[in-house]
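Each remark here refers to the structure printed beneath this line.
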Amino acid sequence: MLKRIAVLTSGGDAPGMNAAIRAVVRTGTVRGAEVFGVRQGYSGLLLGDFLPLTPRDVGGIIERGGTMLGSARCLEFKTDAGRRKALTGLASAGIEGLIVIGGNGSQTGTHSLCELGFPANGVASTIDNDLLGTDITIGVDTALNVILEAMDRLRTSAQSHRRCSIVEVMGRDCGFLALTAGIAGGAEVIVTPEFDLTPEQVRERIAQSYARGKQHGVIVVAEGAKNNAQRLYEALSAPHASLPLEPRLTILGHVQRGGDPTAADRLLATRLAADATDLLLSGTHGYLVGLKNGQLARTPIAEVAGRTKPLPDELIRLAEVMQT
Ligand code: F6P
């Protein structure tokens, strides 16, 4: 069994990362290993910035958003020289295995460490929910709840003024947050990178909904859509657009990644991170741990790295009906 392991959080922070760190530390310690935290993601690996962590050090963090270890996107780690430097740092600290809590880019890093022969497992964590090997990632539920609260508030204001609220949500190149927030928040129009709409198509949908008697509108737009929220707003507020409802623009930004994790994210993070740690300690590595059909799912990291998950067909069909 491995005796000395480390954990890092990498890429965009996600609510629930602290719960995952806590689960790694407690699982590792209970199984008899020493656990170290790495500060600021892969950057900390390059600097050998390790912090010994005991179960007491991770008390009182399960309810907090962000990550107590800090996170970063590290360009140097993408180079061969950077990765070798990281391996040297790990070896000199006597660390035998690593848990990487993060999304797509971060798990590509896990894969490259594994390819270099270093034992590592990944924990699926990103608000974007674009990772293969899992139905849901840590942070999505909290981010969705933040978006829904904003949409509900924007809707009441839009109703009062007979306006149309254009809301931009995160997700990089993936429309999952926009699609699910659109369904759960009752959006009149949903625009995603996968199903881009032109300003004219959006105008048409709002005009139709107006003709059906709706005197307000909420348009949820994924940041990665070709016609992003800013472009749509500019096109739809031009006088010749003759939109029946006056548009207003809200870009939610990093508020979606902040705040305390929901119960679902705390539980998900704890389950995934504990399993990834158990696997690593027992000598099984090179896996991303996620959740499929409600059950823990271990997918070879080589199958996940550099690829993205498509939107679920069932949700696409549902959204089409619900936007009417
Ligand atoms: O990957 C998570 C994410 O929040 C994306 O949705 C977004 O495109 C990106 O990170 C923003 O990155 P940053 O925090 O560096 O601005």
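The values are calculated or read from the model by the stated rules, or taken from the named source; none is laboratory data. Because the structure is predicted, anything quoted here is derived from the model rather than measured. Here the Cβ is made from the backbone with ideal geometry for all residues, glycine too, and neighbour counts use every protein chain on show.
Numbers below:
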quantity: THR270 being in contact with an Asp or Glu (Cβ under 7 Å, 6 or more places away or on another chain), within 26 Å of ASN129 (Cβ to Cβ) and surrounded by 17 or more Cβ atoms within 10 Å (Cβ to Cβ); calculated: no
quantity: Subset of the stretch 69-103 [farther than 23 Å from VAL289 by Cα and within 16 Å of the ligand (Cβ to nearest atom)]; calculated: LEU75
quantity: Inter-residue pairs, beta-carbon under 8 Å, first closer than 17 Å to ILE147 by Cβ and in the stretch 245-267, second surrounded by fewer than 17 Cβ atoms within 10 Å (Cβ to Cβ) and polar (S, T, N, Q), 6+ apart; calculated: LEU249/GLN230; ILE251/GLN230
quantity: The one condition in (1) more than 16 Å from the ligand (Cβ to nearest atom); (2) surrounded by 17 or more Cβ atoms within 10 Å (Cβ to Cβ); (3) within 19 Å of the chain's Cα centre (by Cα) that LEU197 fails to fulfil; calculated: (3)
quantity: Of all residues making up the stretch 244-262, the number that are hydrophobic (A, V, I, L, M, F, W, C) and within 16 Å of the ligand (Cβ to nearest atom); calculated: 3
quantity: Subset of the stretch 153-170 (residues that are touching a Ser or Thr at 6+ places or on another chain (Cβ under 8 Å) and within 16 Å of the ligand (Cβ to nearest atom)); calculated: VAL167, GLU168
quantity: In the stretch 104-148, the residues that are away from the ligand (no atom under 13 Å from the Cβ) and within 18 Å of LEU179 (Cβ to Cβ); calculated: LEU132, THR134, ASP135, ILE136, ASP141, ASN145, LEU148
quantity: From ASP265, ASP278, residue being more than 16 Å from the ligand (Cβ to nearest atom), at pLDDT 95 or above and not in a loop (DSSP other than H, G, I, E, B); calculated: ASP278
quantity: Subset of the stretch 281-295 (residues that are part of a strand (DSSP E or B) and surrounded by 16 or more Cβ atoms within 10 Å (Cβ to Cβ)); calculated: TYR287, LEU288, VAL289, GLY290, LEU291
quantity: Of the criteria (1) over 24 Å from GLY32 (Cβ atoms); (2) touching a residue at least 12 places away in the same chain (Cβ under 8 Å), which one ASP80 fails; calculated: (2)
quantity: Options ALA276, ALA264: the member that is crowded, with 17+ Cβ neighbours inside 10 Å and within 24 Å of the chain's Cα centre (by Cα); calculated: ALA276
quantity: Qualifying residue in the stretch 18-25 (condition: within 16 Å of the ligand (Cβ to nearest atom) and in contact (Cβ under 8 Å) with a residue 12 or more places away in the chain); calculated: yes
quantity: Lone qualifier among GLU204, GLU223 - being surrounded by 20 or more Cβ atoms within 10 Å (Cβ to Cβ) and acidic (Asp, Glu); calculated: GLU223
